[in-house]
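The values are calculated or read from the model by the stated rules, or taken from the named source; none is laboratory data. From a predicted model like this one, the values you see are computed outputs, not experimental measurements. Because the Cβ atoms are built from the backbone with ideal geometry, glycine has one as well, and the counts that use them run over all protein chains shown. SASA here: full protein model, heavy atoms, side chains in, ligands and nucleic acids out. Shrake-Rupley method; radii C 1.70, N 1.55, O 1.52, S 1.80 Å.
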Amino acid sequence: KHHQSVKPSNCTSAIPNKMSEPANTFSKEERLCGKISVSALINDGRWGTTAHFRYCWKKSREDGLNRIIASVPKKYFKRAVKRNLLKRRIREAYRTHKIAPMGVDVMFSYSNKEIADYGVICSEVDTILARISKANSQPQ
């Protein structure tokens, strides 16, 4: 099979408009890394679940930048190839369904024993982001 490159018809400029919605990129600044940051998120964050995920989120940054980390436990998938596939799908789903910057750290932990299709992962990541956005907009 040969895949043809499809160019989007609504792409008018290569430079994203910073004032409208977030660009479909996933920069280094959006990756949550470091033992201290991840431990603080796990210890102090708020937890939730969907059919395929456990997720943890915490409002932590004043600069408004959202950071994420994707986790697929070795308990469910022994082969690194499968874990990496799922992590790539989670990051891609986040990249395409990004929410407005709120200064939130999010951990997506895959918690199902079967590999889900990209469409399923996309819809669940979108649901998680909507829940976080709704909870974050309510006064605490």
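What GluC sites (Glu not before Pro) in the stretch 63-140 are in a loop by DSSP, with at most 14 other Cβ atoms within 10 Å of the Cβ?
Answer by residue number: GLU114.
When the scattering of the stretch 19-80 is computed by the Debye formula from its Cα atoms alone, each counted once and equally, what is log10 I(q)/I(0) at q = 0.17 Å⁻¹?
Scattering profile of the stretch 19-80, log10 relative to I(0): -0.77.
My understanding is that a pair violates if its Cα-Cα distance is over 21 Å; which of LYS35/LYS98; LYS59/LYS98; LYS74/LYS113 do that in this structure? Walk me through the numbers before you get to the answer.
Details: LYS35/LYS98 24 Å; LYS59/LYS98 16 Å; LYS74/LYS113 10 Å.
In this structure, LYS35/LYS98 lie more than 21 Å apart at Cα.
Counting only heavy atoms of the protein chains, get the accessible area per residue of the stretch 28-140 (1.4 Å probe) and round it to a whole Å² value. List each step's numbers first, then the result.
Values: 6510 Å² over 113 residues.
On a per-residue basis, the stretch 28-140 sits at 58 Å².
With the crude spin-label approximation of a point 7 Å out along Cα→Cβ, what separation in nm comes out for CYS33 versus TYR118?
Label-label distance for CYS33 and TYR118, simple model: 2.4 nm.
Summarise the accessible area of the stretch 60-140 (1.4 Å probe, protein heavy atoms) by the percent that is carbon and sulfur. Working shown, then result.
Numbers: 2170 of 4490 Å².
Of the solvent-accessible surface of the stretch 60-140, carbon and sulfur hold 48 percent.
Please report, in debye to the nearest 20, how large the charge dipole of the stretch 40-99 is about its Cα centre when each Lys and Arg carries +1 at its beta carbon and each Asp and Glu carries -1 there.
Working: 18 positive and 4 negative charges, 98 e Å.
Computed about the Cα centre, the dipole is about 480 debye.
Which aspartates and glutamates, on any chain, are close to LYS87 with Cα under 19 Å apart, when same-chain ones fewer than 8 places away are left out?
GLU29, GLU30, ASP105, GLU114, ASP117, GLU124, ASP126
Express in nm, to one decimal, how much length is gained between THR25 and LYS78 on full extension, taking 0.36 nm for each residue of separation and deducting their alpha carbon distance.
Working: separation 53, 0.36 × 53 = 19.08 nm, distance 2.97 nm.
Extending this stretch completely gives an extra 16.1 nm.
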